[in-house]
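Novice: Sharing a structure with you now.
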Amino acid sequence: MTVLAARRRIATASGRLEDLVPLGAVLADLERFAEADAVYRQAFYSYDGVSPFPLAWVCFQLGMLWGELVPVPDPNLAALWYRRAIAYLPGYVKARVHLAEIYASQDQTGDAEALLLPALSSRDPEVRWRLADVLIAQERFEEAETQLDAARLGFDELLGRHLLAFADHAAEFYAGSGNDCRRALELARANVANRPTRRAVELAHARSRSERHLGLVTLRDHNSANGGTLNALYHVDFHIEYPASMSQKDFFSIWAREAEAALGAKKAGVVIDIWKCVGTRRVMAVANVDSLDTLDQILLDLPIMKEHGQHVQVDVTPLRRLEDFASDLKKRLG
């Protein structure tokens, strides 16, 4: 509370926007959201300068508050403030990115793409990341992969020069579209060690939970102790349906999120390989986990099971390597 008291004294004494906004940020981090909103609005309405930059800054903070920080986000209110930020400063890349996320979540992918395309010149890798997500939603998969490759390269360059400045956003990228859960966890831990804010702690905890859900901790420790040998192998056969009341687009959106999670698990070694059967809504995978309990936990946490589980049939068959079976046969034959 010492920081809050100091910020409040400074803001009360000056009444200036540049002192009110940091006070609002402290209040937001303490989850005193209504007070933060009031302070940000005070900063906005009390500003009497001519530069658009401070006003755009306040509008962006209000967008973040209502779009990402409050327990129950209000995307429409957040979008209003992001639009105002862009009206004051058309080149405000972060405001464009966050507004595009809202549009994409509301299936306004054309509007989201229109917001992001002018921001490509900024070389901010998050622009290409969010554009890739929009292109995936539009089923423009080859274009999306090009943007994801560029986003990975961009984050790699930034992290090489300024690791701690970009660890938080890079962790979110690699946990999602970047499909590298281990790197996401490493970055989230680096971020919270450097800047232990509430948001940083929550991000690190979320990434740690994701790693456990994917069985990465068990897999890594087991393989290290056993010279990199395989855990138990299971053939997992998914039969996926969708009701007549669901549009194909909505179904594909769920499947796209599931595909990202599955490819991330493959990259991490939890899935040996995975295939989609041609002409059917059927997916087959070979999983490398330590037990059926772990596999069951992983299956329950899959996006398609959480969002569409009542229409998914999963058949699991334990597998044995042919080399081991052949060795057993030789022993049995003498």
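Novice: Taking only the range 88-123 into account, find how many residues are of a type in the set (A, V, I, L, M, F, W, C), at pLDDT 95 or above and within 22 Å of Asp74 (Cα to Cα).
Specialist: Here the count works out to 9.
Novice: Still on this structure, I have one more. Can you list residue pairs whose Cβ atoms sit under 7 Å apart, with the first residue in the range 84-95 being over 19 Å from Trp66 (Cβ atoms) and the second being among the hydroxyl-bearing types (Ser, Thr, Tyr)? Count only pairs 6 or more apart in sequence or on different chains.
Specialist: If the second residue must be among the hydroxyl-bearing types (Ser, Thr, Tyr), the pairs left are Val93/Ser122.
Novice: Where the second residue is at pLDDT below 95 and the first is at positive phi and lies in the range 19-37, which pairs have Cβ atoms under 8 Å and are six or more apart or on separate chains?
Specialist: Correct list of pairs: Glu31/Arg198.
Novice: Moving to a separate point now. Filter the range 1-60 down to residues that are of a type in the set (Ser, Thr, Tyr) and part of a helix (DSSP H, G or I) and give me whichever is surrounded by the most Cβ atoms within 10 Å (Cβ to Cβ).
Specialist: Tyr40
Novice: Another question, if that's okay. Listed residues Arg128, Arg182; which is out of contact with any His (no Cβ under 8 Å at 6 or more places or on another chain), among the basic types (Lys, Arg) and at pLDDT below 95?
Specialist: Of Arg128, Arg182, the one residue that is out of contact with any His (no Cβ under 8 Å at 6 or more places or on another chain), among the basic types (Lys, Arg) and at pLDDT below 95 is Arg182.
Novice: If you don't mind, another one. Is it the case that Gly67 is in contact with a His (Cβ under 7 Å, 6 or more places away or on another chain), in the same structural domain as Glu126 (by TED's automatic domain parsing) and part of a helix (DSSP H, G or I)?
Specialist: yes
Let's see how each residue does on (1) touching an Asp or Glu at 6+ places or on another chain (Cβ under 7 Å); (2) at pLDDT 80 or above:
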position	(1), (2)
Thr229	no, no
Ala232	yes, no
Phe238	no, yes
Glu241	no, yes
Ser247	no, yes
Asp273	no, yes
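Novice: Ok, one more. Hey, Gly309 hits all of (1) assigned to a helix (DSSP H, G or I); (2) exposed (fewer than 11 other Cβ atoms within 10 Å of the Cβ) but one; which does it fall short on?
Specialist: Going through the list (1) assigned to a helix (DSSP H, G or I); (2) exposed (fewer than 11 other Cβ atoms within 10 Å of the Cβ), Gly309 breaks only (2).
Novice: Got a number for residues in the range 242-280 being farther than 23 Å from Asp290 by Cα and surrounded by 13 or more Cβ atoms within 10 Å (Cβ to Cβ)?
Specialist: Within the range 242-280, residues that are farther than 23 Å from Asp290 by Cα and surrounded by 13 or more Cβ atoms within 10 Å (Cβ to Cβ) number 11.
The values are calculated or read from the model by the stated rules, or taken from the named source; none is laboratory data. No experiment lies behind these values; they were computed from the predicted model shown. Heads up, the Cβs are rebuilt from the backbone with ideal geometry, glycines too, and the neighbour counts pull from every protein chain shown.
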